[in-house]
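Encoded as structure tokens, the structure appears first; notes follow it.
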Amino acid sequence: MANILLLANINCDRLLELDKPLQTGGRFHYQDGGLRLGGGGANTGIGLVWAGHNVSLVSQVGSDKIGNWILAQASTKGLDCRLVERFDGATCEMLLVMTPDGERTIIRPQRPLFELSTPPSWRQWDALYTNSSAKGISQWTASALDHCLVVSQLAKDERVRPCHILIASITDMHGRCDDNKWDFAAKIAGESLQYFVVTDGENGAIAYSANEQFHVPAVTAQVLDTTGAGDAFAAGLIHYLCQQKAITQAMEEGARWAAIAVATASSVPGDALQHYLQSKKHSE
């Protein structure tokens, strides 16, 4: 399969399960769901490993026990963590506040600045996926465009991010874009942009190109935990794009992975995705 480089966060998530939906000024009871591996690097990467790809992670964690725990957990799941940097200081927990309907609120401390070094040689890589605010991402993605597939998540601001495929959720777009979504994406991704994929939960996803757009419906699922659904969609999309599938086929696979993700009480992929991938392999 493909050699995939992920530039994304890996976290230690602490799950707090509330007894009712959040509201300003309210009082809530919670159950401590304990620690679990999370972050876009884990949520996206583990499924790609299970799909048979070689996945390396570029990220940073602190030089402390939590950082050690994160790297041990990620490595056990099959992620190559040799490119993960360590910074002096503590790795803070991410708080995932979960309401009974499966919706989550993320509370995290300010991360230390992650400044990327010189881009690697891209000859060994088939795909680069970025979902990070690290300084220097645009230089990495621009240098990779002529050598491998480049897929990026829309940044929280308007910084440029040269890529072939740009992904965003409809909530990421709120207040940032008028009706011409292609022009908005092209200003960020540049001339190499092929598709701008916008996900919208139960309403599915739309891929915009310079001349047309394609809609793919969501796959119905019982929602247990929405954490990591967008990461799972990106992973399924990348999995099929690395097999030279059409964008609509890749989006349909992403929708299947996302449906499995929301029906799993975890942010990282669970047994259901493994079973799905094994059944597909046996049927081919």
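The values are calculated or read from the model by the stated rules, or taken from the named source; none is laboratory data. This is a predicted model, so every value here is computed, not measured. When we count neighbours, we look across all protein chains shown, and the Cβ atoms used for this are built from the backbone with ideal geometry, even at glycine. When the accessible area is computed, the model is the full protein with side chains, heavy atoms only, and any ligands, DNA or RNA have been set aside. Shrake-Rupley method; radii C 1.70, N 1.55, O 1.52, S 1.80 Å.
Quick test for you: out of Leu22, Leu71, Leu95, Leu7, pick the one residue that is open to solvent by 10 Å² or more (accessible area, probe 1.4 Å) and assigned to a strand (DSSP E or B). So that I can check it myself, show each step before the final result.
Numbers: Leu22 fails: assigned to a strand (DSSP E or B); Leu71 fails: assigned to a strand (DSSP E or B); Leu7 fails: open to solvent by 10 Å² or more (accessible area, probe 1.4 Å).
Exactly one of Leu22, Leu71, Leu95, Leu7 is open to solvent by 10 Å² or more (accessible area, probe 1.4 Å) and assigned to a strand (DSSP E or B), namely Leu95.
Could you tell me which of the residues Gln110, Gln139 is over 30 Å from Leu22 (Cα atoms), surrounded by fewer than 17 Cβ atoms within 10 Å (Cβ to Cβ) and either of a type outside the set (Phe, Trp, Tyr) or modelled with pLDDT of 95 or more (or both)? Spell out how you get there, then give the answer.
On the way: Gln110 fails: over 30 Å from Leu22 (Cα atoms).
Only one candidate qualifies: Gln139.
Scan segment 227-239 and give yes if some residue there is of a type in the set (Val, Ile, Thr), open to solvent by 20 Å² or more (accessible area, probe 1.4 Å) and farther than 24 Å from His147 by Cβ, otherwise no. If you could, list the steps in order and put the result at the bottom.
Going residue by residue through segment 227-239, those that are of a type in the set (Val, Ile, Thr) are 227, 238.
Retained after the next criterion (residues that are open to solvent by 20 Å² or more (accessible area, probe 1.4 Å)): none.
Scanning segment 227-239 turns up no residue that is of a type in the set (Val, Ile, Thr), open to solvent by 20 Å² or more (accessible area, probe 1.4 Å) and farther than 24 Å from His147 by Cβ.
Going by what's in this entry, would Pro100 be described as open to solvent by 30 Å² or more (accessible area, probe 1.4 Å), more than 30 Å from Gly52 (Cα to Cα) and touching a Cys at 6+ places or on another chain (Cβ under 8 Å)? Give the derivation first.
Details: open to solvent by 30 Å² or more (accessible area, probe 1.4 Å): yes; more than 30 Å from Gly52 (Cα to Cα): yes; touching a Cys at 6+ places or on another chain (Cβ under 8 Å): no.
Taking the combined requirement at face value, the residue does not satisfy it.
Across segment 53-102, what is the total count of residues that are more than 19 Å from Thr264 (Cβ to Cβ), of a type in the set (Gly, Ala, Ser) and touching a Leu at 6+ places or on another chain (Cβ under 8 Å)? Give the derivation first.
Taking segment 53-102 and keeping what is more than 19 Å from Thr264 (Cβ to Cβ), we get 53-72, 75, 80-93, 95.
In the following step, the residues that additionally are of a type in the set (Gly, Ala, Ser) were identified as 56, 59, 62-63, 67, 72, 75, 89-90.
Among the residues that remain, those that are also touching a Leu at 6+ places or on another chain (Cβ under 8 Å) are: 56, 59.
Number of matching residues: 2.
So which residues in segment 169-206 are surrounded by fewer than 16 Cβ atoms within 10 Å (Cβ to Cβ) and in contact (Cβ under 8 Å) with a residue 60 or more places away in the chain, if there are any at all?
none
Do we find a residue being of a type outside the set (A, V, I, L, M, F, W, C) and under 30 Å from His275 (Cβ atoms) anywhere in segment 184-196? Lay out the reasoning, then the answer.
So the first thing to find is which residues in segment 184-196 are of a type outside the set (A, V, I, L, M, F, W, C), and the list is 187, 190-192, 194-195.
Add one more test, that the residue is under 30 Å from His275 (Cβ atoms), and what stays is 195.
Yes; the residues of segment 184-196 include at least one that is of a type outside the set (A, V, I, L, M, F, W, C) and under 30 Å from His275 (Cβ atoms).
For Leu83, which of the numbered conditions (1) under 25 Å from Ile137 (Cβ atoms); (2) under 20 Å from the mean Cα position of the chain (by Cα); (3) assigned to a strand (DSSP E or B) fails to hold?
(3) is the only condition that Leu83 fails.
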